[in-house]
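Notes to accompany the following structure.
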Amino acid sequence: MAEATSDQPNSVSTTAPIAPPLTSYTPRYIDIGINLADPIFRGRYHGKSRHPDDLQAVVGRAVEVGCTKLIVTGSSFKSSRDALKLAKEFPGIVFATAGIHPCSSSIFSPSHHKHHDESQSEGEDEAEHTPACDPDPSQPIPDGDGVDLARSEKIIADLADLITRARKDFPSSSSNPGELVAFGEFGLDYDRLHYCSKEVQLHSFSAQLRLAASLTPQLPLFLHSRAAHADFVRLLKEAFGPRLERLEKGGVVHSFTGTVDEMRELMDLGLYIGVNGCSFKTAENCEVVKEIELSRLMLETDGPWCEVRPSHEGWKYLVEFEARAKAAAAAAAAAAPSTAQGQAGTPENQQQQQQGKKKNQKKDPEVLERYKTVKKEKWEEGAMVKGRNEPCTIERIAKIVAGIKGVSIEEVCEAAWANTVKVFGLES
């Protein structure tokens, strides 16, 4: 794949598995988790407009790299409704989930003073749909506040109504999966108890699981689990049986950052594992990814968060992929020299090239960018925004997974595609 412009350099690993040679395969992707309803994709940051709405271009870049289906995450009532609107705006490309994220679950608390349709978490910036993905152990909300049971009943009834209306307005069929393709995002997150206490998260997850199990037909589950594996699995089994035998459509635990043993238990229960940039931060994370069976793998970006960074352990696999691509291109050029290449190889032209390099000391990037990237303050049409992860970067996720597992891009992409189509009914 052709890529252009720049990124930060990083050292090349000498111990990673050797992936098979590059092929002419054209990858295809489904981003199972993209927070495309977040106002940041409309040019709004923390409630203020910083640049023009460029959502159309964001979707266009995704399609250009082969990411032709985007599942937009609903994490609250507002974001779920907005995700469904996007599915209508981009038919056949965008699909939606609907649920209440653990970090949005303070709406079940008696101390939450806003209507659950208005916001997702007390104190959270209402202009943003999704909380940042990094853990924050500071000032956790303590247990003891309890749950407002009357409010809880109303929340679950309203969520059931939202799902019913979405299915009625956008019905699924043998040739059309419908706009609403999963229940969620919901689950537990003990890394971010500053958004919602543990006791309220447990109630939120359990109540939504009961609703998910009662739907006819059921929806696949779009699940979230951070530092809460034991409680997470326990509540799933309570709702769907010891082997999740009553879970009709399956589900995916997205943005996985748990241990190898936790991942294997989830796979043994028949669940799928979604990976993104947060899944590659450490050597331990990468070891987990190495052990994920291709038959249980799904790919995602979780944009605007969870981008792959040069500080991540997984970055070195991108560097290695780029080095192999450059070597392959150089070998191809050497095998079929042209007149222009012959002139470029003369001592005179080599000397001119060296002099040009001395004038411009900027080092060639070890990982190239497909699209130009600028700061939001310097936004320009056609460019990506620095720090705002987009679905088009899913190709990096596939490259890293392939490098970690020592398999081809084709194997990774085709496995993830087949798994995602199977679970979410995206055959058409």
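The values are calculated or read from the model by the stated rules, or taken from the named source; none is laboratory data. Worth saying up front: this structure is predicted, and the values here are computed from it rather than measured. Here the Cβ positions follow ideal geometry from the backbone for every residue, glycine too, while neighbour counts run over all protein chains shown.
Here are a few things to note about the model shown:
- Residue ID - nearest to GLU380 (Cα to Cα), chosen from residues in segment 37-50 that are in contact with a helix residue (DSSP H, G or I) (Cβ under 6 Å, 6 or more places away or on another chain) and among the hydrophobic types (A, V, I, L, M, F, W, C): PHE41
- One residue from GLY60, GLY66, GLY92 being on the phi > 0 side of the Ramachandran plot, surrounded by fewer than 24 Cβ atoms within 10 Å (Cβ to Cβ) and more than 16 Å from the chain's Cα centre (by Cα): GLY92
- Residue-level check: of (1) surrounded by 24 or more Cβ atoms within 10 Å (Cβ to Cβ); (2) modelled with pLDDT of 95 or more; (3) not in a strand (DSSP E or B), HIS51 misses just (1).
- Hits in segment 162-197 (condition: in a loop (DSSP other than H, G, I, E, B) and among the acidic types (Asp, Glu)): GLU179, ASP191
- Subset of segment 171-202 (residues that are more than 22 Å from ASP302 (Cα to Cα) and surrounded by fewer than 19 Cβ atoms within 10 Å (Cβ to Cβ)): PRO171, SER172, SER173, SER174, SER175, ASN176, LYS198, GLU199
- Of all the residues in segment 198-225, those that are part of a loop (DSSP other than H, G, I, E, B) and in contact with a Gly (Cβ under 8 Å, 6 or more places away or on another chain) number 1.
- GLU293 satisfies every condition listed in (1) of a type outside the set (Phe, Trp, Tyr); (2) crowded, with 19+ Cβ neighbours inside 10 Å; (3) closer than 24 Å to CYS413 by Cβ; (4) out of contact with any Pro (no Cβ under 9 Å at 6 or more places or on another chain) except (2).
- None of ILE400, ILE409 is under 17 Å from ASP302 (Cβ atoms), in contact with a Phe, Trp or Tyr (Cβ under 7 Å, 6 or more places away or on another chain) and either surrounded by fewer than 22 Cβ atoms within 10 Å (Cβ to Cβ) or touching a residue at least 60 places away in the same chain (Cβ under 8 Å) (or both) except ILE400.
- Any hit, segment 226-239, residues being assigned to a loop (DSSP other than H, G, I, E, B), under 26 Å from the mean Cα position of the chain (by Cα) and surrounded by fewer than 24 Cβ atoms within 10 Å (Cβ to Cβ): yes
- Of residues in segment 240-270 being part of a loop (DSSP other than H, G, I, E, B) and free of Cβ contacts under 8 Å to residues at least 24 places away in the same chain, the one farthest from GLU291 (Cα to Cα): GLY241
- Among residues of segment 221-250, those that are touching a strand residue (DSSP E or B) at 6+ places or on another chain (Cβ under 7 Å) and among the acidic types (Asp, Glu), counted: 1
- In segment 185-208, the residues that are more than 21 Å from ALA83 (Cβ to Cβ) form Cβ pairs under 8 Å with partners that are among the hydroxyl-bearing types (Ser, Thr, Tyr) and buried (at least 23 other Cβ atoms within 10 Å of the Cβ), at six or more places apart or across chains, as follows: LEU188/SER225; SER197/SER106; SER197/SER109; VAL200/SER105; VAL200/SER106; VAL200/SER109; GLN201/SER105; HIS203/SER105.
- Selected residue (criterion: farthest from VAL401 (Cα to Cα)) from residues of segment 320-352 that are modelled with pLDDT under 65 and surrounded by fewer than 10 Cβ atoms within 10 Å (Cβ to Cβ): GLU348
- Residue, nearest to the chain's Cα centre (by Cα), within segment 240-262, restricted to residues that are of a type in the set (Gly, Ala, Ser) and more than 16 Å from ASP189 (Cβ to Cβ): GLY251
- Taken over segment 108-126, the criterion of being at pLDDT 85 or above, in contact with a Cys (Cβ under 9 Å, 6 or more places away or on another chain) and not hydroxyl-bearing (Ser, Thr, Tyr) is satisfied by PHE108 alone.
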